[in-house]
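> A single structure is presented below for examination.
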Amino acid sequence: MLHMIKLLLACLLTLSLHLTPCLAGDVCELGGAVIQLSSSNHTYKAVPSGPNVLLHNSTQHVQLSLASPQDACQPLANPVPGAAVLVQRGSCPFATKAENAERAKAAAVLVINSDDDCMYMDLNNTEAEAITMLPVVSVSKQTGLELKEAAQQNDTIALWMPYYSSFDFNVILLWVMAIGTFVLAGIWAGNDSFGTEHSYLQAQDDSEGNANKWQMESQTITQGGAVAFLVIASGSLLLLYFFLDTAFYVILMALFSLGAVQALAAALTPLCSCLLPHQTLHPPIGQIPAHSVLSLGISLGVVAVWLVFRSSAWAWLLQDLLGISLIVLVLRQFRLPNIKVACVLLPLSFLYDIFWVFIQPYLTHGDSVMVKVATGGDQHWQLPMLLIVPAFHLSPATGPVILGFGDILLPGLLGVYSRTFDLYHNLDTWQSYFWPTVVGYAVGLMLTYIALWFEIGGSQGQPALLYLIPCTLGWTLLLAMSRTHLTLMCSNNAFATHESGDSTGVPDLEANAELQDSGDTRLLAPSS
């Protein structure tokens, strides 16, 4: 039962398997478009339907006009030649509103949101093409009320997009955060798998039999399990796409919160044990280590604070802390037995990412299911299964960036395997497989940012695994072939020497390489 819970948690964590810009916080501020009233020179913020629908500077003022009907879902009853027409959100697609306003000779469309914030207009390719003929922007409910009053007084407005820098340091911070998580999880989980005194997280006092105190028992992923994993992930993705409503969102938040409590408690346990090394509590149910109670209490408190204040500007810090804890926990609980399983799981994930981001929208002529789910569906729910860093300066070109857990978890499994292989075979830094995998991950993530910058394949986001898998798995395979270790990595005996109780646990890789060249994949006994 415990393993089923672990597998379900891992599937939920892989629902965001791509990197794409995501916007949060004050959407009106991040929107960047400017509306200026002629009578008072008062300015309002607005969100354009696309990056190139407005001029960067405009001294031309246009008349404000109210749409009739107000939602502009039917042809407008009153001509509005050369005017900026105010329309109410809802009842029909944005493209329909824009087309009706265009037929009435409008110069721009200002969509009034039903909430206090601005909104982003989720448009498929057909809708986006339909509203490129005239500027369409969204404004908040309060801004809409004030603009309606101005329209009744025959006021005019200027509408333009200021110049903004297209770079923000949040990209660098997320890049560093992802690499740091990859390294932390790889070292910690690799040391768990190795299971010797070399783990820096094990208990200090071996004389009391606590040498393996902080090591976590892991579940081995098989080739069949790798295939089933991707099938379940695809099914879960479709389930979220079609049924992501309030109730489903609450269930996801509950699952995430429960997993986050467990993950953060597991991460804090070694630290809390140093603070309370030998203390126990004696409730009626039996003895409980004091450090376990302390770590659980801190974890419950952090998750509770995040749940209450998750919409606050600073809440991303707690969300990322919980997310990193979850990633580390999952990588400590699941491991690859050999490189063959990695060659099944990671290429399938590679195809999974490409299909749901690029191919599926082309086949269905609609939205990308993956992008839609990652951005919270029609209600723009802020799903927690991702790392997020907000923009450091407000700009429509530099919104917050996100990275799905799966973009760390899946390459991270290979990182843990590489780290374990290094430890079992006593490979130093220059012979290591783990550190080249880290470098490959960093390069792959940077290539993802470059692809986002140049909008390769479109502006809908990038499947990060498209770049991460070749840079990690591909690089590892090339290194293994060049060092003649590939056959050993593909076998189920790569860690057999240590597990069989050998006193040194370090096989002679050079001699094994000679045997592999001759077709013999047996491990030699360690040289004396």
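> How much length is gained if the chain between Q153 and S91 is pulled fully straight, taking 0.36 nm per residue apart and subtracting their Cα-Cα distance, in nm to one decimal? All intermediate terms of the calculation are to be shown ahead of the outcome.
On the way: separation 62, 0.36 × 62 = 22.32 nm, distance 2.74 nm.
Full extension of this stretch gives 19.6 nm more.
> Amide H to amide H, which residues 5 or more places from T280 or on other chains are under 5 Å from it, using H placed in the peptide plane?
For T280, the qualifying residues are A290.
> Next question. Under a Cβ-Cβ cut-off of 11 Å, what is the net charge of the residues other than Q88 that fall near it, where Lys and Arg count +1 and Asp and Glu count -1?
Working: positive: R89, K97, K141, K148; negative: D71.
Within the 11 Å Cβ shell, the charges total +3.
> For a protection proxy built on the mean count of beta-carbon atoms within 10 angstrom, sort 404-414, 300-310, 90-100, 338-348 highest first, please.
On the way: 404-414: 27.5, 300-310: 15.0, 90-100: 18.9, 338-348: 20.7.
Descending mean neighbour count gives 404-414, 338-348, 90-100, 300-310.
> Shifting gears a bit: With only alpha-carbon atoms counted, please give the Rg and Dmax of the range 66-121, in Å.
10.3, 30
> So, one more: Using r as the Cβ-Cβ distance of K141 and A228, and R0 as 56 Å, what FRET efficiency do you calculate, to the nearest 0.05?
After rounding to 0.05, the efficiency reads 0.75.
> Once you wrap a convex hull around the alpha carbon atoms of the range 258-318, what is its projected area averaged over all directions, in nm²?
Its Cα hull, projected and averaged over all orientations, spans 4.9 nm².
> Please state the shape class of the range 412-483: rounded when a/c is under 1.5, otherwise prolate if a/b exceeds b/c and oblate if not, all from the C-alpha gyration tensor.
It is prolate, given that a/c is not under 1.5 and a/b is the larger ratio.
> Could you go through the range 69-85 in sequence order and give the Karplus-derived ³J(HN,Hα) for each residue, using 6.51 cos²θ - 1.76 cosθ + 1.60 with θ = phi - 60°, rounded to whole Hz, and x for Gly and Pro?
With the stated coefficients, the range 69-85 comes to x, 5, 8, 6, 7, 10, x, 5, 6, 10, x, 10, x, x, 9, 8, 9 Hz.
> Moving on. Under a Cβ-Cβ cut-off of 13 Å, what is the net charge of the residues other than F434 that fall near it, where Lys and Arg count +1 and Asp and Glu count -1? Could you put the intermediate results ahead of the total?
Values: positive: R419; negative: D422, D428.
Surrounding charge for F434 is -1.
> Shifting gears a bit: Go through H365, H485 and list them by solvent-accessible area, largest first, probe radius 1.4 Å. Intermediate results must be reported in sequence, preceding the final value.
On the way: H365 140, H485 20 Å².
Largest accessible area first, the residues go H365, H485.
> Can I ask one more? In whole Hz, what ³J(HN,Hα) sequence does the range 99-108 give by Karplus (6.51, -1.76, 1.60; θ = phi - 60°), x for Gly and Pro?
After applying 6.51 cos²θ - 1.76 cosθ + 1.60, I find 5, 5, 5, 5, 5, 8, 6, 5, 8, 6 Hz.
The values are calculated or read from the model by the stated rules, or taken from the named source; none is laboratory data. Since this is a predicted model, take the numbers as computed values, not measurements. Cβ: placed from backbone, ideal geometry, glycine included. Neighbour counts: every protein chain shown. Calculation scope for accessible area: heavy atoms of the full protein, side chains included, ligands and nucleic acids excluded. Shrake-Rupley method; radii C 1.70, N 1.55, O 1.52, S 1.80 Å.
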